[in-house]
Structure formats: C-alpha cells, structure tokens
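Working notes, beginning with the structure itself.
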Amino acid sequence: MDYYDKLLLGIFISLVGSVGFGVLSAVPLTVSAAVAAVIGVGGMYQGMFLRAPTGQHPGPDSV
C-alpha cells in the first residue's frame, strides 16, 4: 500500500468514524463532522503540498 493510498484511507476513516461517533455519543453530528473535515483537509494539504507527488517513481505498470 502506497503512502497516498494510506492517506486516502485515513481521510475516509476519519469521515466515517466521525459519523459513527456523532451518532453514538452526545456530541452533535455537525461538530464531529466538522472535526473530521478539518482532519480531511489536513490530510489533503499533507498529500498535495507537503509531500506532493513528484512523478519520478515508476508505477507498477512500468517494468
């Protein structure tokens, strides 16, 4: 699993987890979704700007 696959999985888990947390706890769903959105935006910033893909590594199709 590549770094960016893990990053996308982390964003997905934070969004799904926040919905579950908002439904199962006393925390309002809007608050938990807002926290997950901030985490998701942080993950997107990490993947797009801090560790941006350089295109120098060959993909699995190029042998």
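Each reported figure results from applying straightforward, stated rules to the coordinates on display, with no laboratory input. On a predicted model such as this, the values are computed, not experimentally measured, just so you know.
Go ahead and estimate [θ] at 222 nm for the chain from helices alone: -39,500 (n - 2.57) per DSSP H run with n ≥ 4, summed, over the residue count, rounded to 500. Walk me through the intermediate numbers first.
Details: 2 runs with 39 residues, N = 63.
It comes out at -21000 deg cm²/dmol, rounded to the nearest 500.
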- In order over the range 47-52: 3J(HN,Hα) from phi, Karplus 6.51/-1.76/1.60, θ = phi - 60°, whole Hz, x for each Gly or Pro, gives x, 8, 10, 7, 10, 5
- Task: Please pull out the direction-averaged projected area of the chain, using the convex hull of its alpha-carbon atoms, in nm² to one decimal place.
- Result: 5.0
- Query: By how many degrees, between 0 and 90 and to the nearest 10, does the Cα long axis of helix 3-24 differ from the longest principal axis of the chain?
  - Reply: 10
